[in-house]
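One structure is given here, and the rest of the page talks about it.
The values are calculated or read from the model by the stated rules, or taken from the named source; none is laboratory data. In this text the structure is predicted, and so the values were computed from the model without any measurement. Cβ: placed from backbone, ideal geometry, glycine included. Neighbour counts: every protein chain shown.
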Amino acid sequence: RRPTAAELVEGLNAPQREAVEHEGGPVLVVAGAGSGKTRVLTRRIAYLVGVRDVHPGSILAITFTNKAAAEMRTRVVDLVGPRARVMWVSTFHSACVRILRAEIGHFERSSNFSIYDSADSKRLMQMICRDKQLDPKRYQPRELLNWISNCKNDLVRPEASADRAPRGQEDVYPGVYADYERRLRAAEAFDFDDLIMETVRLFRQFPEVREKYRRRFRQVLVDEYQDTNPAQYALVRELCGNDPSALPEESGIVPIDPPELMVVGDSDQSIYAFRGATIRNILDFEHDFRGARTILLEQNYRSTQTVLSAANSVISKNPDRPKKRLWSDAGAGEKIVGYVADTEHGEAQFIADEIDRLVDAGTTTYGQTAVFYRTNAQSRAFEDVFIRVGMPYRVVGGVRFYERKEVRDAISYLKAIANPHDEVSVRRIINEPKRGIGDRAQEQVQHFADRQRISFGSALERLDEVEGLATRSLAQLRAFATMMADHRAMMAAGAAADELLASILQASGYVDTLRRSNDLQDESRLENLTEFVAVAEEFVAQAHVVDIDQETGRPIDAETGEPLEEDPDTTPSATGDRTTVPGQLGGLGSGAPEPDDSLPAFLERVALVADADAVPDGDTDGVVTLMTLHTAKGLEFDTVFLTGFEDGVFPHMRSLDNPTELEEERRLAYVGITRARKRLYLTRAVVRTQWGQPSYNPQSRFIADMPGDLLDWRRLVEPATSWETRAASRTSSARDRTEGGHVFGSGVPRGPHVDAVTVGDRVLHTAFGLGTVVATMGSGSNAKADVDFGSLGTKRLSLRHAPMEKL
Ligand code: ATP
Ligand code: MG
């Protein structure tokens with residue numbers, strides 16, 4: 001049964017309905033977040049098919065992501081039935097790939113072209129830089145590629161690009177661009193930007209091809225129009241403009257009237273300027289498309305008034321924006337909850353607890369809950385805590401931390417140290433980084449192992465008996481075997497997991513290889529490894545923490561509160577390094593069991609966290625969604641946690657002294673806030689590990705933009721105490737230090753540690769926050785202190801390991 005016209009506009013307000021029913025000239029729907037823009041597009045498509053009898057094959061709908069496309073298609077099919085499936089609902093890129101596959105013959109190129117992703121493009125650029133012998137210090141592949149990408153987004157070809165090049169580079173840049181194009185061609189490849197640019201070029205160069213698509217697509221709809229770049233705009237213009245370039249007379253084709261066009265967008269949600277998007281497209285729409293009309297939507301159906309007011313006050317700080325009146329009749333709703341955690345783990349823990357509380361109370365479901373962050377790297381703390389507490393979640397976009405290649409490689413090194421017979425791990429890293437142990441050499445070792453019925457690892461210890469090895473391979477295999485044996489010896493001598501990890505990353509050349517590379521990817525790999533070392537350090541530090549009974553001063557089990565067995569090594573009778581200093585005992589003489597900071601213990605922990613099976617899959621309805629603010633565009637959730645509300649995190653550090661970028665960050669905040677339907681949380685951490693160093697970031701300036709009465713602070717750390725000021729001044733120096741490279745290698749102190757404290761000292765611990773030393777014991781590497789962390793209890797910490805500083 002066909003839906004009736006009345007059914008298809010049911011529940012729409014007047015301007016929404018007008019947009020759905022509109023016939024004729026181009027329409028721009030501009031409206032704030034949650035006002036039903038996407039809903040209008042979806043309903044309009046259904047209306048076109050169901051009421052106006054438009055053939056689904058003549059509809060082209062453009063969404064920002066493939067996921068949004070799939071959703072829109074499903075909705076339309078639900079409304080008007082399966083025949084709607086043949087519509088083109090896709091991103092600009094997918095639509096262009098389809099067009100190019102069909103038409104690329106006009107350019108005399110193969111329709112079997114490959115599409116280079118950014119990693120491929122980078123590899124190609126590295127080759128070009130090498131071949132052209134460009135000084136790697138002056139010419140970074142990433143910079144060159146960004147520049148080329150900007151050219152392509154503006155439809156500028158190499159021969160016309162000289163005046164866009166940086167001063168003094170008018171030859172080099174266009175030359176590299178031309179080479180890059182030539183080699184893409186030779187490889188029968190297009191990069192992402194090409195897909196759009198080449199389609200536009202195709203339409204311009206072959207107007208009869210364009211005419212074919214103008215005849216085919218009689219209805220064009222574009223969502224998120226504020227994020228289109230000039231190339232995408234040109235494409236829309238070719239397909240829908242009323243003044244396309246002329247058709248050659250001899251073609252005999254009579255140009256057809258432009259199709260109907262509807263674009264929807266919100267200039268306050270433009271968040272892709274860094275990829276060349278420009279809101280000029282939305283501002284100039286009426287000018288660019290003759291006879292266009294604009295429809296405004298003002299009622300927000302998504303959020304409570306509280307959420308909307310917060311969003312409006314943040315975005316209103318941006319200059320030169322068209323004022324919008326966005327209102328909601330959903331009522332004030334709940335206040336926004338603010339929470340200041342001591343660390344990013346505290347932040348994650350609060351969120352996990354809060355989600356569980358809300359779900360237990362039946363207030364929300366996991367599937368209706370989302371956690372947003374500014375950068376992918378922030379997901380790690382959430383993943384760690386969520387896995388530990390068994391919270392079902394999924395990360396959208398971005399590879400899960402423990403699935404990243406470099407992290408897996410590092411884990412394989414550790415496993416290979418811990419267990420020489422772990423063949424999978426040994427084989428994974430034996431030639432990673434490349435050290436000249438090729439497949440053939442590995443095969444010979446394997447053959448020997450097979451014949452002797454020993455493990456690959458054991459065969460490595462009997463290399464002299466392996467036949468047919470080339471001299472070079474033999475030397476390399478020996479070096480590898482020695483390195484692994486050395487680390488096993490370190491482990492046997494009691495080296496802690498973090499020490500072993502830092503050491504093997506260094507000794508294996510893994511870190512140096514990444515450092516030497518010009519690939520941007522490798523820089524982020526280095527960051528991830530720094531982060532992984534931090535994970536190990538944290539593990540070791542935790543292993544050295546013992547809970548202390550406040551009354552008896554004796555170690556207790558953190559969970560049961562039962563007294564623990566004593567460790568004879570730290571009792572006052574011990575000698576040498578471990579002798580306690582009687583005067584500092586303060587009557588708290590007993591020790592605790594030897595902490596297990598060993599590599600096997602660490603690997604066990606990592607295995608649990610890294611196990612993909614621990615993450616529920618499939619049923620996305622039942623899991624909490626984690627994603628960056630950029631991917632959150634267009635989505636909505638009952639409960640939203642916006643995290644890392646710190647200057648330097650969000651807004652991003654890069655934007656702090658750049659007004660244009662700050663405006664974009666503000667729009668990102670607007671996007672984030674307006675994803676929430678009923679409940680919004682804003683969280684931040686006092687201390688956060690960034691670039692492998694503790695950073696103390698002040699509260700995000702966006703919080704000050706919101707009226708205070710919208711917020712309910714669940715926990716606020718007292719402002720600007722002396723330590724915070726000190727901390728703030730430390731931040732820059734911590735960053736300066738990382739500037740020169742990441743910190744690896746054994747023996748280098750990583751993070752704050754104290755050498756000595758006395759009773760009464762105030763300390764700041766990265767996990768437990770502020771505390772007071774109530775007792776000290778031991779000396780040298782065995783020095784310990786009992787620290788009272790208030791509500792978190794008293795902990796016995798090893799001064800050598802605890803990430804803590806004296807205030
Ligand atoms: P964004 O700017 O975030 O992309 P949007 O303008 O596209 O938002 P939609 O996602 O289409 O807004 O709609 C927001 C929410 O409001 C959706 O849940 C949608 O179903 C609902 N909604 C939109 N219009 C109406 C209406 N007339 N009546 C009831 N609910 C509506
Ligand atoms: Mg939308």
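When the residues of the stretch 67-91 are filtered to those that are away from ligand 1 (no atom under 16 Å from the Cβ) and either under 23 Å from the mean Cα position of the chain (by Cα) or outside any helix (DSSP H, G or I) (or both), the one that is surrounded by the fewest Cβ atoms within 10 Å (Cβ to Cβ) is Gly81. Taken over the stretch 424-437, the residue count meeting the criterion of being crowded, with 16+ Cβ neighbours inside 10 Å and either assigned to a helix (DSSP H, G or I) or over 33 Å from the mean Cα position of the chain (by Cα) (or both) is 6.
Each row is one residue, and each column tells you yes or no for (1) more than 14 Å from ligand 1 (Cβ to nearest atom); (2) crowded, with 23+ Cβ neighbours inside 10 Å; (3) assigned to a loop (DSSP other than H, G, I, E, B); (4) at positive phi.
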| residue | (1), (2), (3), (4) |
| --- | --- |
| Met627 | yes, no, no, no |
| Val640 | no, yes, no, no |
| Gly644 | yes, yes, yes, yes |
| Arg654 | yes, no, no, no |
| Asp657 | yes, no, yes, no |
| Val671 | no, yes, no, no |
| Arg677 | no, no, no, no |
| Leu682 | yes, yes, no, no |
| Arg688 | yes, yes, no, no |
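Here Ser267, Ser303, Ser251 are screened, and the one residue that is among the hydroxyl-bearing types (Ser, Thr, Tyr) and under 18 Å from Val27 (Cα atoms) is Ser267. Just the residues that are within 16 Å of ligand 2 (Cβ to nearest atom) and in contact with a Lys or Arg (Cβ under 9 Å, 6 or more places away or on another chain), please, taken from the stretch 280-301. Scanning the stretch 280-301 gives Leu296, Leu297, Glu298, Tyr301. Going through the stretch 21-44 one residue at a time, which ones are hydrophobic (A, V, I, L, M, F, W, C) and within 15 Å of ligand 2 (Cβ to nearest atom)? Leu28, Val29, Val30, Ala31, Ala33, Val40, Leu41, listed by residue number.
So, in the stretch 221-260, how many residues would count as being more than 16 Å from ligand 2 (Cβ to nearest atom) and more than 15 Å from Ile196 (Cβ to Cβ)? Show your work before the answer.
First, the residues of the stretch 221-260 that are more than 16 Å from ligand 2 (Cβ to nearest atom): 229-260.
Right, trim to more than 15 Å from Ile196 (Cβ to Cβ) and you get 240-260.
Qualifying residue count for the region: 21.
The set of residues in the stretch 127-141 being assigned to a helix (DSSP H, G or I), surrounded by fewer than 18 Cβ atoms within 10 Å (Cβ to Cβ) and of a type outside the set (A, V, I, L, M) consists of Arg130, Asp131.
Taking the options Asp439, Asp486, Asp409, name whichever one is under 30 Å from Lys122 (Cα atoms) and either modelled with pLDDT of 90 or more or of a type in the set (Lys, Arg) (or both).
On the way: Asp439 fails: either modelled with pLDDT of 90 or more or of a type in the set (Lys, Arg) (or both); Asp486 fails: under 30 Å from Lys122 (Cα atoms).
After applying the criteria, what remains is Asp409.
Considering only residues that are in a helix (DSSP H, G or I) and not hydrophobic (A, V, I, L, M, F, W, C), look in the stretch 21-44 and name the one that is surrounded by the most Cβ atoms within 10 Å (Cβ to Cβ). That would be Arg44. Considering the stretch 372-408, the residues that are under 12 Å from the mean Cα position of the chain (by Cα) and assigned to a strand (DSSP E or B) include one that is surrounded by the most Cβ atoms within 10 Å (Cβ to Cβ), namely Phe372. Taking the criterion of being crowded, with 17+ Cβ neighbours inside 10 Å, basic (Lys, Arg) and within 16 Å of ligand 2 (Cβ to nearest atom), would at least one residue in the stretch 12-20 satisfy it? Within the stretch 12-20, none of the residues are crowded, with 17+ Cβ neighbours inside 10 Å, basic (Lys, Arg) and within 16 Å of ligand 2 (Cβ to nearest atom). When Asp356, Asp329, Asp360 are checked against the criterion of being of a type in the set (D, E, K, R) and within 27 Å of Pro15 (Cβ to Cβ), a single residue qualifies: Asp329. Whenever a residue of the stretch 488-517 is surrounded by 22 or more Cβ atoms within 10 Å (Cβ to Cβ), its partners that are hydrophobic (A, V, I, L, M, F, W, C) and in a loop (DSSP other than H, G, I, E, B), lying with C-beta atoms within less than 8 angstrom and at least six residues away or across chains, give the pairs Ala502/Phe744; Ala502/Val748; Leu505/Phe744; Val511/Phe744. Could you grab me the full set of residues in the stretch 281-303 that are part of a loop (DSSP other than H, G, I, E, B) and under 30 Å from Ala231 (Cβ atoms)? Selection gives Asp284, Phe289, Arg290, Gly291, Ala292. For Tyr413, the conditions (1) closer than 20 Å to His345 by Cα; (2) of a type outside the set (Asp, Glu); (3) in contact with a His (Cβ under 9 Å, 6 or more places away or on another chain); (4) surrounded by 21 or more Cβ atoms within 10 Å (Cβ to Cβ) are fulfilled apart from (1).
Within 15 Å of Met262 (Cβ to Cβ) and more than 13 Å from ligand 2 (Cβ to nearest atom): is that true of Leu8 in this structure? Break it down into steps so the answer makes sense when it comes.
Numbers: within 15 Å of Met262 (Cβ to Cβ): no; more than 13 Å from ligand 2 (Cβ to nearest atom): yes.
Taking the combined requirement at face value, the residue does not satisfy it.
Hey, can you tell me all the residues within the stretch 442-460 that are outside any helix (DSSP H, G or I) and either under 23 Å from Ile411 (Cβ atoms) or at pLDDT 90 or above (or both)?
Just the residues of the stretch 442-460 that are outside any helix (DSSP H, G or I), to begin with: 453-455.
If the condition is that a residue be outside any helix (DSSP H, G or I) and either under 23 Å from Ile411 (Cβ atoms) or at pLDDT 90 or above (or both), then Ser455 is the only one that fits.
For beta carbons closer than 9 Å, sequence separation of 6+ or different chains, a first residue in the stretch 24-42 that is more than 9 Å from ligand 1 (Cβ to nearest atom) and a second that is polar (S, T, N, Q), the qualifying pairs are Gly25/Asn242; Pro26/Asn242; Val27/Thr294; Leu28/Thr294; Val30/Gln226; Val30/Ser267; Val30/Thr294.
Total residues in the stretch 309-331 satisfying the condition of being among the hydrophobic types (A, V, I, L, M, F, W, C) and under 26 Å from the mean Cα position of the chain (by Cα): the figure is 4.
If you scan the stretch 304-342, which residues turn out to be in a helix (DSSP H, G or I), among the aliphatic types (A, V, I, L, M) and out of contact with any Gly (no Cβ under 9 Å at 6 or more places or on another chain)?
Kept after step one, since they are in a helix (DSSP H, G or I), are these residues of the stretch 304-342: 305-315.
From what is left, the residues that are among the aliphatic types (A, V, I, L, M) are 307-308, 310-311, 314-315.
Listed by number, the residues that qualify are Ala310, Val314.
Annotation note: of Glu159, Glu170, Glu211, Glu198, the sole residue that is over 27 Å from Asn66 (Cβ atoms) and either within 30 Å of the chain's Cα centre (by Cα) or touching a residue at least 24 places away in the same chain (Cβ under 8 Å) (or both) is Glu211. Scanning the stretch 52-66 for residues that are buried (at least 17 other Cβ atoms within 10 Å of the Cβ) and either in a helix (DSSP H, G or I) or among the aliphatic types (A, V, I, L, M) (or both) gives Val54, Pro56, Ser58, Ile59, Leu60, Ala61, Ile62.
Tell me which of these Glu334 doesn't satisfy, since it passes every other one: (1) surrounded by fewer than 19 Cβ atoms within 10 Å (Cβ to Cβ); (2) at pLDDT below 95; (3) over 27 Å from the mean Cα position of the chain (by Cα). Of the numbered conditions (1) surrounded by fewer than 19 Cβ atoms within 10 Å (Cβ to Cβ); (2) at pLDDT below 95; (3) over 27 Å from the mean Cα position of the chain (by Cα), the odd one out for Glu334 is (2).
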